[in-house]
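Here, each number is a calculation from the coordinates, and none is a lab measurement. Since the model is a prediction, treat every value here as computed from it, not as a measurement. So basically every Cβ, Gly included, is an ideal-geometry build from the backbone, and we count neighbours across all protein chains shown.
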Amino acid sequence: MARPQRNTVPTKSGPRTNEDIQASSVRLINDDGDNIGLVIIEAAMGLADEAGLDLVEVSPGESPVCKLMDYGRARFEAQKKASKARKKQKTFEIKEIKMRPNIDQHDYDVKMRAVSKFLGTGDKVKVTMRFRGREMAHQELGMKLLHKVRDETEEVAKVEQHPKMEGRQMTMVIAPIK
């Protein structure tokens, strides 16, 4: 049995232009931004053709507002502006450093160098303290170590999430100071 065909007409995104405008009359704004007033659609299309521009629906409604403009150029400018905004946008990651409460001094120093490097590149750092077995009875050691990390990084970072216990781990998030 054959499936019934669906309407596969693609829907156009963006404002309606030229022949796509369905209203009988429109409020017209010329290319200089001056309000011309209420004009029938045929006259507005004639003005657009004379000027070599497009008639673009700016605000739909009972009597839509239309503007005379070069629509292709306006779309290009908008794409360029959006691309420029994306380039300026700063993306950051959350890097994670895992420690244990009875970490050796050398291992701690290595982890702190990594934390400094991450903060230097503008990334946030999630410091995770993992407790195994009987270490759960000495959570104050983990808290003490996280406070030590906080104190050593206070010139370059601020605590975004204070140490809190989640199951068998204690976590803290620090972010670079801008």
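If you count the DSSP beta bridges with both ends in the chain, what percent of them are antiparallel, to the nearest 5? Don't skip to the end; give the middle numbers.
Values: 24 of 33 bridges.
In the chain, approximately 75 percent of DSSP beta bridges are antiparallel ones.
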### Task
Could you work out how far helix 105-120 tilts from the main Cα principal axis of the chain, as a 0 to 90 degree angle to the nearest 10?
20
### Query
Taking 0.36 nm per intervening residue step and subtracting the Cα-Cα distance, what contour gain separates Asn35 from Lys87 on full extension?
15.1 nm
### Message
Starting from 0.36 nm per residue, how many nanometres of slack lie between Ser13 and Glu135 once their C-alpha separation is accounted for?
### Response
38.0 nm
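Please list 90-101, 62-73 highest first by mean number of surrounding beta-carbon atoms within 10 Å per residue. Intermediate values should be presented prior to the final figure.
Working: 90-101: 13.5, 62-73: 16.6.
By packing density, highest mean first, the sequence is 62-73, 90-101.
Distance cut-off 23 Å, Cα to Cα: go down the list Lys87/Lys158; Lys111/Lys144; Lys87/Lys124; Lys81/Lys178; Lys95/Lys144; Lys67/Lys87 and report the pairs above it.
Numbers: Lys87/Lys158 26 Å; Lys111/Lys144 16 Å; Lys87/Lys124 20 Å; Lys81/Lys178 26 Å; Lys95/Lys144 21 Å; Lys67/Lys87 31 Å.
From Lys87/Lys158; Lys111/Lys144; Lys87/Lys124; Lys81/Lys178; Lys95/Lys144; Lys67/Lys87, over 23 Å: Lys87/Lys158; Lys81/Lys178; Lys67/Lys87.
Rg(Cα) of segment 18-73 divided by 2.2 N^0.38 Å?
Values: Rg = 9.8 Å, N = 56, 2.2 N^0.38 = 10.2 Å.
Segment 18-73 yields a ratio of 0.96.
Rounded to two decimals, what is the ratio between the C-alpha radius of gyration of segment 114-178 and 2.2 N^0.38 Å?
Ratio of Cα Rg to 2.2 N^0.38 Å: 1.14.
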#### Entry: Within segment 94-176: Cβ-based charge dipole about Cα centre, in debye rounded to nearest 20 (Lys, Arg +1; Asp, Glu -1)
320
### Task
Rounded to whole Å and sorted largest first, list the principal axis extents of the Cα atoms in the chain.
84, 57, 25
#### Entry: Simple spin-label estimate for Ala114 and Val156 in nanometres, 7 Å along Cα-Cβ
1.5
